[in-house]
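Visitor: First the structure, which I've put down as structure tokens, then a few questions once you've had a look.
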Amino acid sequence: MRDRQVSQDDRRAREFESFVAGAAGRLLRAATLLTAEAPDANPRARRLLTLALGHTYARWHRLRGEDPYDCARQYLAVRFARTAWHRSGVLRRSRPAPRGPLAALTAQERLVLVLRVYEGIAEEQTAALLGFPPERVHTVCDRAVSTVLH
């Protein structure tokens, strides 16, 4: 019985390592875009990625047919939204100004833009994930695209 459990744990670890090898780069890029950090200096994005992968590993055996990438991406987005909301009223003197490609956008605009454009999630799914009406997601996405283009 113990050998069977060890074998299942080993298989689980190998499956997760394979998932991380395939998905970590894209998830890190999404996290970097969310945090508006430069690609070569992104400690907040790396922290978000670590938390998302840890959460996905903890749920790995319960995913049963669900896409682990969706699970990690959803946790990444929700965690970013939560931390951005908590920091919105805090004065950040010690943190350097963001200098990534989406630095001109608000946290909400970055989140919607990354989910809609970079990740390709449908408007309705993005709205459900963030708890917004679809019209709000559409408006925020349009405003973000306009800001980035101009």
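The values are calculated or read from the model by the stated rules, or taken from the named source; none is laboratory data. What you are looking at is a predicted structure, and each value in this text was computed from that prediction instead of being measured. Using ideal geometry, Cβ is built from the backbone for each residue, glycine included, and neighbour counts are taken over all protein chains shown. Accessible surface is based on the protein model in full, side chains and every heavy atom, while ligands, DNA and RNA are left aside. Shrake-Rupley method; radii C 1.70, N 1.55, O 1.52, S 1.80 Å.
Visitor: Of all the residues that make up region 41-56, how many are among the hydroxyl-bearing types (Ser, Thr, Tyr) and under 11 Å from the mean Cα position of the chain (by Cα)?
Guide: Looking only at that region, the number is 1.
Visitor: When you check Ala21 against the structure, is it open to solvent by 70 Å² or more (accessible area, probe 1.4 Å), assigned to a helix (DSSP H, G or I) and among the small types (Gly, Ala, Ser), yes or no?
Guide: Here the answer is yes, as Ala21 does meet what is asked.
Visitor: For region 98-135, enumerate the residues that are surrounded by fewer than 16 Cβ atoms within 10 Å (Cβ to Cβ) and in a helix (DSSP H, G or I).
Guide: Val117, Tyr118, Glu124, Ala128, Pro134, Glu135
Visitor: Follow-up question, since we're still on this one. Would you mention how many residues in region 40-64 are outside any helix (DSSP H, G or I) and within 17 Å of Ala13 (Cα to Cα)?
Guide: The qualifying residues number 2.
Visitor: Quick check, is Thr139 surrounded by 13 or more Cβ atoms within 10 Å (Cβ to Cβ), modelled with pLDDT of 95 or more and of a type in the set (Ser, Thr, Tyr)?
Guide: In short, yes.
Visitor: With Ala31, Ala36 as the choices, which residue is modelled with pLDDT of 90 or more and in contact with a Gly (Cβ under 9 Å, 6 or more places away or on another chain)?
Guide: Exactly one of Ala31, Ala36 is modelled with pLDDT of 90 or more and in contact with a Gly (Cβ under 9 Å, 6 or more places away or on another chain), namely Ala36.
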